[in-house]
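The values are calculated or read from the model by the stated rules, or taken from the named source; none is laboratory data. Keep in mind it's a predicted model, so treat the numbers as computed, not measured. Cβ placement follows ideal geometry from the backbone for every residue including glycine, while neighbour counts extend to all protein chains displayed. Note: accessible area is taken over every heavy atom of the protein model, side chains too, but ligands, DNA and RNA are not part of it. Shrake-Rupley method; radii C 1.70, N 1.55, O 1.52, S 1.80 Å.
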Amino acid sequence: MLAAALPFGLSSTAAADPPSCPTGETPSEIPGGWICIPVQNPGDPDTEDPGNGTPGGGEPTQCQDGDKVVPCTDEHGGTWDAGHGCYGFRLDPQPPANSPLWRGHDPSEGSIWSCDHTVSVLENTWFVANGAEPLVDPAVLAQTALGRMKLERADAEIAPGPEFHTYVHIDNWLWVPADQWRALRETVSAGPTSVTVTAAPARVEWDLGPETKICYDAGRAWVKGMTDAAKTTCSHAYEAIDNPIGDTHDVSAQIVYGATWTCSGACVSPSGDLGEITAPSGETTTIEVRQRQTVVTN
């Protein structure tokens, strides 16, 4: 059994005295107090494709509704509250001080939470004291943010392009549009916790038909009129052809990102690493490769 940090309450009990946790949860001390963490087997790592990419590291925490695994947050930003059997939302704005939703509590002592982000009645609301707001594991929010992120689908460019041809042992320029080589950010919040995922491009993986190439930047775009002195940071030379009159190859590119996250607000962890994520390829191109012929004359 593995202790997984799920939605929990931050106890106002003195740091030296662990709180009495509900059945199936165990107390764990953090700076400023104690938390009750459900004890469960989180199961197998999530291997689904987040958004447009492929997951790297990271093993998202799971939440339980009885024996059923449920997402720890929903599409409205609610946090799973096992005690109430629903996704909890802090009402915004909070009810007026004379509202029966306070159930006699002083508004300065806490806040009202609800199972429904659109309708708030006595039956689906409850009072949460200050310092006891439900929290969600920021790693879970990071996975959610990663799933919403729109990764760049790299458009492959090569020179010479499809309208011309190249030869074996000749360096061919490779590049993707410069505006596709950029860091991406996505933020997801649940209750008092906000997590921002940053995906920074690390390399481009090129599929050149029978051969591959890795470049660590976007490459330099070739422009008509450049002289032989022009240099590129990403190129590839084919070593051989199969067809004596020339081979034609499809060329595609994929950007590989390194993804990390940082947490702000109420956080049980300040930051984490999601590993590498490979985006799908975008527009492809082609290249024709020929062999120079040598003519011997007497």
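Observations on the structure shown:
- Looking only at region 150-181, and only at residues there that are touching a Pro at 6+ places or on another chain (Cβ under 7 Å) and of a type outside the set (S, T, N, Q), the one that is nearest to GLY78 (Cα to Cα): ARG153
Every residue, every condition in (1) out of contact with any Lys or Arg (no Cβ under 7 Å at 6 or more places or on another chain); (2) part of a loop (DSSP other than H, G, I, E, B); (3) farther than 21 Å from GLU276 by Cα, yes or no:
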| residue | (1), (2), (3) |
| --- | --- |
| GLU123 | yes, no, yes |
| VAL128 | yes, no, yes |
| LEU141 | yes, no, no |
| LEU146 | yes, no, no |
| ILE158 | yes, no, yes |
| PHE164 | yes, yes, yes |
| ARG182 | yes, yes, no |
| ARG185 | yes, no, no |
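- CYS263 closer than 15 Å to ASN172 by Cα and crowded, with 19+ Cβ neighbours inside 10 Å: no
- Pair list, Cβ < 9 Å and 6+ apart or interchain, from region 268-279 residues that are free of Cβ contacts under 8 Å to residues at least 12 places away in the same chain to residues that are among the hydrophobic types (A, V, I, L, M, F, W, C) and buried (at least 18 other Cβ atoms within 10 Å of the Cβ): PRO270/CYS263; SER271/TRP261; SER271/CYS263
- The conditions of being in contact with a Leu (Cβ under 6 Å, 6 or more places away or on another chain), of a type in the set (S, T, N, Q) and touching a residue at least 24 places away in the same chain (Cβ under 8 Å) are met by SER114.
- Hits in region 118-149 (condition: at pLDDT below 85 and of a type in the set (Lys, Arg)): none
- Region 131-177, subset within 31 Å of the chain's Cα centre (by Cα) and exposed (fewer than 15 other Cβ atoms within 10 Å of the Cβ), residue farthest from ASP228 (Cα to Cα): GLY131
- Members of region 208-267 that are more than 20 Å from ALA156 (Cβ to Cβ), of a type outside the set (S, T, N, Q) and not in a loop (DSSP other than H, G, I, E, B): GLY258, ALA259, TRP261, CYS263, GLY265
- Residues of region 190-232 that are among the β-branched types (Val, Ile, Thr) and touching a Cys at 6+ places or on another chain (Cβ under 7 Å): THR193, VAL195, VAL204.
- Residues in region 70-111 that are outside any helix (DSSP H, G or I), farther than 19 Å from VAL136 by Cα, open to solvent by less than 50 Å² (accessible area, probe 1.4 Å) and touching a residue at least 24 places away in the same chain (Cβ under 8 Å): PRO95 only.
- The set of residues in region 178-217 that are surrounded by fewer than 16 Cβ atoms within 10 Å (Cβ to Cβ) and within 22 Å of ALA230 (Cα to Cα) comprises ALA178, ASP179, ILE214, TYR216, ASP217.
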